[in-house]
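The values are calculated or read from the model by the stated rules, or taken from the named source; none is laboratory data. Everything numeric in this text was worked out from a predicted model, so none of it was measured. Reconstructed Cβ throughout: ideal geometry from the backbone, glycine too, with neighbour counts over all protein chains shown. For the accessible areas, the whole protein counts, side chains as well, though only heavy atoms, and no ligand, DNA or RNA atoms are used. Shrake-Rupley method; radii C 1.70, N 1.55, O 1.52, S 1.80 Å.
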Amino acid sequence: MIHIDTSERWEKVRLSSLFFENRNKNSDFREQKAFQFYFGAIVPKKEYELTDDLMETYKKYTVIRPGDIIINGLNLNYDFVTQRVGLVNECGIITSAYLSLRPRSEINSKYYCYLFKTVDACKMFHGLGSGIRLTLSFKDIKNFRLPVPSHEEQDQIVRYLDWKVSEINGLISIRKKQVSTYKELRKAVIDQGILRGFAKTDTKDSGINWLGRIPEAWDILPIKRICRVQASISDKVNKMNDSAMVTFLPMENVTETGVIDCSIKRPVSEVRTGFSSFAKGDVVVAKITPCFENGKGACLDELDTEIGFGTTEFINLRPLRRVLSKYLYMITMTRPFRMFGEEVMTGSAGQKRVPVGFIKSFTLGIPSIEEQGRILKLIEEKLALIDKAIEVESKNIQLLHELKVRIISDVVTGKIDVRGVEVPDYEFMEEADRNSEEVDNEADIEEQED
């Protein structure tokens, strides 16, 4: 049983004495406003056209109301699910793959939400649950011993923490805006180098409205003239033993800045069919929303096996003699490439993909190989400075998050007594939005309902 070290002046009772599991399904479809997790908050999902399939999905959702506490209890041994606990503020529905707790009596749900966030931050949920994905159930937590401060003290703790959390959120917001500024500068550097170059030289009209003038010596070519799109590796695979280990890249092992994590290895026999494939030196581009818009992709010049496999949501590009691998990758990182690709995406809501045809026909100026090398060198020098600044600000943000966790923990457990603290007037500030790529993958989560 998990032990929460709290003030001795507080009575402790079992969680099941304070909450019951809310399993009220939306079978009659009386609720249509769907919610999802967004880093410790329960926020409305994007509204989609109510197709028959979507209606059937929403009928499986759990009906929620203000004061409910939602716990994302999936994949309890992994850290890629962040901030598993959220408080419901509006009536609606949420995927039944989550655990919904409803108060049995008049308690301050926000106090207990803060308390559960402390449990989550201390990794106390890790290792619990059952099934392949270690899914948390009510029976796993119903015997937790929870503190029961007086209702008056619960209210005071919430007032105090809302104030302090708001102050820290304000500081985090300032740091995040700075990071956003650096990231825009990063994009501008890539655009300048790849679309027009850094050297002062004679120019010509590209004949492309959005591109304008480019260096006179550059050729105007579609991507399909400088690389092979979805190039095969069958000649290499056929020469390999089925037991040979190759790198496997799920989407989460490729970052928005082109860094790849090659730690996952699988035998060829397990991946030769049903996955995307690529070779060392290829460029991969994520084709599904929102990964495409966020810049997911990489140059695989540092792939640690000669070939590899990965999620089918990658499109691979194999550079021809006309282009350097890293330069081809930088083309895919330009803002016009991502913006125009987003405009022509096809597919159902939430599962849109950029067409391969768009990538093949995307046209821009291409310099000589020698000039590509010079441009890449300058881009990398400029990006190194920007990335260092982003690293510093990101570290500051992490330290502020750690401070917030510590303050919440110390106050909800009574280590800091706030009963006599006067909370001043202030305007509450929510935590600034993080990158949308970090929102929970609802499509993956909903597999749990079937």
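Which pairs, out of Lys45/Lys110; Lys280/Lys388; Lys395/Lys415; Lys33/Lys60, put more than 25 Å between their alpha-carbon atoms?
Working: Lys45/Lys110 22 Å; Lys280/Lys388 27 Å; Lys395/Lys415 27 Å; Lys33/Lys60 13 Å.
Beyond 25 Å: Lys280/Lys388; Lys395/Lys415.
Taking 0.36 nm per residue of sequence separation and subtracting the Cα-Cα distance, how much length would be gained by fully extending the chain between Ser263 and Ser137, in nm to one decimal? Each step should come with its number before you reach the end.
Details: separation 126, 0.36 × 126 = 45.36 nm, distance 3.13 nm.
Full extension from Ser263 to Ser137 adds 42.2 nm.
Is it possible to state the helix-based mean residue ellipticity at 222 nm for the chain, with each DSSP H run of 4+ residues giving -39500 (n - 2.57), the sum divided by total residues, to the nearest 500 deg cm²/dmol? What is it? Provide the component values of the computation, followed by the final result.
Working: 12 runs with 149 residues, N = 450.
Calculated at 222 nm, the ellipticity per residue is -10500 deg cm²/dmol.
Rounded to whole Hz and in sequence order, give me ³J(HN,Hα) for segment 364-376 from the Karplus expression 6.51 cos²θ - 1.76 cosθ + 1.60, θ = phi - 60°, writing x for Gly and Pro.
7, x, 10, x, 5, 4, 4, 5, 4, x, 5, 5, 4
Determine the order of Thr247, Thr346, Thr51 by accessible area, beginning with the largest, at a probe radius of 1.4 Å. All intermediate terms of the calculation are to be shown ahead of the outcome.
Numbers: Thr247 0, Thr346 85, Thr51 60 Å².
Solvent-accessible surface, decreasing: Thr346, Thr51, Thr247.
Quick one: ranking Arg225, Arg318, Arg84 by accessible area, 1.4 Å probe, largest first, what do you get?
Details: Arg225 145, Arg318 40, Arg84 0 Å².
Greatest to least solvent exposure: Arg225, Arg318, Arg84.
Taking square-rooted eigenvalues a ≥ b ≥ c of the alpha carbon gyration tensor, is segment 56-132 rounded, prolate or oblate, where a/c under 1.5 means rounded and, failing that, a/b exceeding b/c means prolate?
Numbers: a/c = 2.21, a/b = 1.14, b/c = 1.93.
Cα axes put segment 56-132 in the oblate bin.
Bins of 10 Å, beginning at zero and ending with the bin holding the largest distance: percent of Cα pairs per bin for segment 287-395, please.
Over segment 287-395, the share of Cα pairs per 10 Å bin runs 12, 38, 36, 14, 0 percent.
For the chain, what is the relative contact order in percent, using Cα pairs closer than 8 Å and at least 6 residues apart in sequence?
Details: 748 pairs, mean separation 85.9, N = 450.
Reported as a whole number, the value is 19 percent.
Taking only Cα atoms and a 10 Å spring cutoff, compute GNM fluctuations for the chain and point out the largest among Ile208, Ile408, Ile70.
Taking springs between Cα atoms under 10 Å, the residue moving most is Ile208.
Give me the number: length gained by fully extending Ile416 to Glu430, i.e. 0.36 nm times residue separation minus the C-alpha to C-alpha distance, one decimal in nm. Numbers along the way, then the final one.
On the way: separation 14, 0.36 × 14 = 5.04 nm, distance 2.32 nm.
Result for the pair: 2.7 nm of gain on full extension.
Would you mind putting 234-246, 319-331 in packing order, based on average other-beta-carbon counts within 10 Å, highest first?
Per-residue Cβ counts within 10 Å, averaged per peptide and sorted highest first, yield 319-331, 234-246.
So what are the radius of gyration and Dmax for the Cα set of segment 72-228, in Å?
According to the Cα coordinates of segment 72-228, Rg and Dmax are 26.6, 77 Å.
Express in nm, to one decimal, how much length is gained between Lys239 and Phe29 on full extension, taking 0.36 nm for each residue of separation and deducting their alpha carbon distance. Intermediate results must be reported in sequence, preceding the final value.
Values: separation 210, 0.36 × 210 = 75.60 nm, distance 5.54 nm.
Residue separation times 0.36 nm, minus the Cα-Cα distance, leaves 70.1 nm.
If contacts are Cα pairs under 8 angstrom and at least 6 residues apart, what is the relative contact order of segment 1-95 in percent? Can you show the working numbers first?
Numbers: 120 pairs, mean separation 31.9, N = 95.
Across segment 1-95, relative contact order equals 34 percent.
Given Cα pairs under 8 Å that are at least 6 residues apart, what percent is the relative contact order of segment 204-354? It would help to have the intermediate numbers written out before the result.
Details: 264 pairs, mean separation 37.6, N = 151.
This gives 25 percent for segment 204-354.
May I ask you to work out the translational diffusion coefficient for the chain at 4 °C, viscosity 1.567 mPa s, via Stokes-Einstein with Rh from the Kirkwood sum over Cα pairs, reported in whole µm²/s?
Numbers: Rh = 25.0 Å.
My calculation gives 52 µm²/s for D.
Could you look at the chain and say what percent of its accessible area is carbon and sulfur, using a 1.4 Å probe and all protein chains? The partial results should precede the final answer.
Details: 10930 of 22360 Å².
Answer for the chain: carbon and sulfur cover 49 percent of the accessible area.
Residues of the chain: accessible area per residue at 1.4 Å, in Å²?
On the way: 22360 Å² over 450 residues.
For the chain, the per-residue accessible area is 50 Å².
Please tell me which of these pairs span more than 18 angstrom C-alpha to C-alpha: Lys117/Lys142; Lys59/Lys142; Lys360/Lys382; Lys236/Lys296; Lys59/Lys352?
Working: Lys117/Lys142 16 Å; Lys59/Lys142 27 Å; Lys360/Lys382 29 Å; Lys236/Lys296 26 Å; Lys59/Lys352 24 Å.
Those over the limit are Lys59/Lys142; Lys360/Lys382; Lys236/Lys296; Lys59/Lys352.
Over the alpha carbons of segment 351-432, what is the largest minus smallest coordinate on each principal axis, giving the biggest first in Å?
Extents along the principal axes: 71, 35, 24 Å.
Using a/c under 1.5 as the rounded threshold, could you call segment 6-53 rounded, prolate or oblate? The axes a ≥ b ≥ c are square roots of the C-alpha gyration tensor eigenvalues, and prolate needs a/b larger than b/c, oblate otherwise.
Cα axes put segment 6-53 in the oblate bin.
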